1. Would you call Leu87 touching a Phe, Trp or Tyr at 6+ places or on another chain (Cβ under 9 Å), assigned to a loop (DSSP other than H, G, I, E, B), in contact (Cβ under 8 Å) with a residue 12 or more places away in the chain and farther than 29 Å from Lys10 by Cα?
2. Restricting attention to the range 64-81, report how many residues are part of a helix (DSSP H, G or I) and surrounded by fewer than 15 Cβ atoms within 10 Å (Cβ to Cβ).
3. Please find, within the range 92-138, the residue that is farthest from His36 (Cα to Cα) out of those that are open to solvent by less than 100 Å² (accessible area, probe 1.4 Å) and among the basic types (Lys, Arg).
4. Have a look at Glu46, Glu14 and point out the one that is part of a loop (DSSP other than H, G, I, E, B), at pLDDT below 85 and more than 15 Å from the chain's Cα centre (by Cα).
5. Is it the case that some residue within the range 114-133 is farther than 26 Å from Lys10 by Cβ, part of a loop (DSSP other than H, G, I, E, B) and at pLDDT 90 or above?
6. Quick check on my filter: what residues within the range 59-84 are touching a residue at least 12 places away in the same chain (Cβ under 8 Å) and either among the basic types (Lys, Arg) or closer than 30 Å to Lys134 by Cα (or both)?
7. Among Asn84, Asn57, Asn51, which is the only one that is open to solvent by 90 Å² or more (accessible area, probe 1.4 Å) and of a type in the set (S, T, N, Q)?
8. When you scan the range 22-46, how many residues do you find that are more than 20 Å from His131 (Cα to Cα) and open to solvent by 80 Å² or more (accessible area, probe 1.4 Å)?
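The values are calculated or read from the model by the stated rules, or taken from the named source; none is laboratory data. Just so it is clear, the model here is predicted, and its values are computed rather than measured. Positions of Cβ are backbone-derived with ideal geometry, glycine not excepted, and every protein chain shown enters the neighbour counts. Heavy atoms of the whole protein, side chains included, go into the accessibility calculation; ligands, DNA and RNA do not. Shrake-Rupley method; radii C 1.70, N 1.55, O 1.52, S 1.80 Å.
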Amino acid sequence: FTCSLLSVKKSVLEYEIEAINDEFLGDKKILSRRLHQLEKSVIVKEKSQLNRFGTGNTQVLKVGNIAEAADKFYSENYSSNLMNLCLYSNQSLDELEELVQKYFSQVKNKNLSVPDFSKHVIFDSKRGLGHLFKIKTEVNE
């Protein structure tokens, strides 16, 4: 949380890209995930934040500037004032406080504003209703 690990080591970036690709491949096998993506492609407003894939794959992530894009996202969005931490443990409160101080006190507070998504229109009321999908599932998924 204290820095973008994607720019620190190339191996970390490659590992994360492969992990994201594995998630993408796994999601392709889950019918409910495919149906959700189909539903979003029809009822969600075209330029909405929600009208994106939930995961990526190596084809879209192995681009030359991915580390720079990750660093930019980190610097523009990571700040302790936008984060919450929840601990669940059988350790004492004093022990937990010590762990929090050790591992999270270095997260910088950049005093970033909480993004306001209230004005973002997500669903397209004109094209979002009245669709019937006939889904044929594959036996060997």
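1. Values: touching a Phe, Trp or Tyr at 6+ places or on another chain (Cβ under 9 Å): no; assigned to a loop (DSSP other than H, G, I, E, B): yes; in contact (Cβ under 8 Å) with a residue 12 or more places away in the chain: yes; farther than 29 Å from Lys10 by Cα: yes.
No: the conditions fail for Leu87.
2. From the range 64-81, those part of a helix (DSSP H, G or I) are 66-77, 80-81; that's our starting set.
Those left that are additionally surrounded by fewer than 15 Cβ atoms within 10 Å (Cβ to Cβ): 68-69, 72-73, 75-77, 81.
Result for the range 64-81: 8.
3. Lys110
4. On the way: Glu14 fails: part of a loop (DSSP other than H, G, I, E, B).
Just a single option satisfies the conditions, and that option is Glu46.
5. Within the range 114-133, the subset farther than 26 Å from Lys10 by Cβ is 114-133.
Applying the additional criterion that residues be part of a loop (DSSP other than H, G, I, E, B) yields 114-122, 124-133.
Those left that are additionally at pLDDT 90 or above: 114.
Scanning the range 114-133 turns up at least one residue that is farther than 26 Å from Lys10 by Cβ, part of a loop (DSSP other than H, G, I, E, B) and at pLDDT 90 or above.
6. Within the range 59-84, just Lys62 meets the criteria.
7. Numbers: Asn57 fails: open to solvent by 90 Å² or more (accessible area, probe 1.4 Å); Asn51 fails: open to solvent by 90 Å² or more (accessible area, probe 1.4 Å).
Among Asn84, Asn57, Asn51, only Asn84 is open to solvent by 90 Å² or more (accessible area, probe 1.4 Å) and of a type in the set (S, T, N, Q).
8. Of the residues in the range 22-46, the ones more than 20 Å from His131 (Cα to Cα) are 22-30.
Adding the requirement that they be open to solvent by 80 Å² or more (accessible area, probe 1.4 Å) leaves 22-23, 28-29.
Matching residues across the range 22-46 total 4.
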